[in-house]
Every structure is written in structure tokens, then in C-alpha cells.
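Colleague: Below is the structure I would like to discuss, written out as C-alpha cells.
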Amino acid sequence: MSWQAYVDTNLVGTGFVSQAGIYGINGGGVWAASPGFSIKPTEIQTILNGFTDADSVRANGIRINDVKYLTLRVDERSIYGKKNATGFCIVKTTQAILVALYDDKIQPGACNKVVEDLADYLISVGY
């Protein structure tokens, strides 16, 4: 399966993710993204730093697609955040980060489950 198919089918295609992207963590850049979804390199770097410096993203939030979100949860694997009735779920695998946004029609927990499950699968196959 192509990386774009993971975004189109396993993330956005579920109906529990409004936009998503998969990005390499070791300078791999954009592996796949839904139309109109773009994260600046500085935003990716902030996200990656958040996995090792949780206090920074807790204090300053995270920007995705130029939108600033409040950070709700951070650990070595996942970062969750929100802005009003929208939000994000970011999960780190061995080689990539999955970044998914949800809108006001999607329950945050449903989005989180879809992204976490895909991350589990990618980790199980070496990614």
C-alpha cells in the first residue's frame, strides 16, 4: 500500500479524521498528505521536539497548518491538542509521525483511536 493510500483510506477514509499527513522523523519530509494539508518544517520540528521536551509544547501549544492548538496530552508516543471544537492527534512510530486533524463533527476519541491503531500497525511492520 502506498503512503498516500494510508492517508486516504486508513485515516481520512474512516470518517473520523478530517485531514492528515505522514511525515518522516529523520529528515524524510512529507510521505503523504490529504489535499490542502501542509505542515511547515518549523512546525514539524516543534512537534518532534515535543516528544522529548513536553513542557515546551504544553506551555506554547502546537501550530499545524498555521493554526495554533492548545496541547492537552503529551508523552513519548502521542500528542493531543484542541482549538475550540476542533483538534489533532499526532502519533510517532519508529520512522514517521502521523498527524491527523478532526473537525467539530468528529469525536476526539474516535480520531485518536484511528490514528493510534494505524501507528500500532506501522510499528508492527517496522515503520
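Colleague: Do we have any residue at all in the range 20-29 that's in contact with a Ser or Thr (Cβ under 9 Å, 6 or more places away or on another chain), open to solvent by 10 Å² or more (accessible area, probe 1.4 Å) and not in a helix (DSSP H, G or I)?
Modeller: Yes, because at least one residue in the range 20-29 is in contact with a Ser or Thr (Cβ under 9 Å, 6 or more places away or on another chain), open to solvent by 10 Å² or more (accessible area, probe 1.4 Å) and not in a helix (DSSP H, G or I).
Colleague: How many residues, within the range 34-45, are open to solvent by 50 Å² or more (accessible area, probe 1.4 Å) and in contact with a strand residue (DSSP E or B) (Cβ under 6 Å, 6 or more places away or on another chain)?
Modeller: Number satisfying all stated conditions: 0.
Colleague: While we're looking at this one, here's another question. For the range 60-102, what are the residues that are open to solvent by 50 Å² or more (accessible area, probe 1.4 Å) and over 16 Å from residue 42 (Cα atoms)?
Modeller: Of everything in the range 60-102, those that are open to solvent by 50 Å² or more (accessible area, probe 1.4 Å) and over 16 Å from residue 42 (Cα atoms) turn out to be 70, 72, 73, 76, 77, 82, 83, 84, 85, 92, 94, 95.
Colleague: Mind listing whichever residues of the range 95-121 are in contact with a helix residue (DSSP H, G or I) (Cβ under 6 Å, 6 or more places away or on another chain) and either more than 14 Å from residue 12 (Cα to Cα) or hydroxyl-bearing (Ser, Thr, Tyr) (or both)? Walk me through how you get there before you give the answer.
Modeller: Here is the first cut: in the range 95-121, the ones in contact with a helix residue (DSSP H, G or I) (Cβ under 6 Å, 6 or more places away or on another chain) are 98, 100, 102, 114, 118.
Within the range 95-121, just 102 meets the criteria.
Colleague: Select the strands (runs of 3 or more DSSP E) contained entirely in the range 66-127, then report the ones holding at least 2 residues which are within 19 Å of residue 3 (Cα to Cα) and aliphatic (A, V, I, L, M).
Modeller: Numbers: elements: 67-74, 78-83, 86-92, 96-102.
Correct list: 86-92, 96-102.
Colleague: When you go through (1) open to solvent by less than 50 Å² (accessible area, probe 1.4 Å); (2) within 16 Å of residue 116 (Cβ to Cβ); (3) outside any loop (DSSP other than H, G, I, E, B) one by one for residue 57, which number turns out not to apply?
Modeller: (2)
The values are calculated or read from the model by the stated rules, or taken from the named source; none is laboratory data. The structure presented is a predicted model; accordingly, all values stated were derived computationally and were not measured. Here the Cβ is made from the backbone with ideal geometry for all residues, glycine too, and neighbour counts use every protein chain on show. Quick note on the areas: whole protein, heavy atoms, side chains included, nothing else; ligands and nucleic acids left out. Shrake-Rupley method; radii C 1.70, N 1.55, O 1.52, S 1.80 Å.
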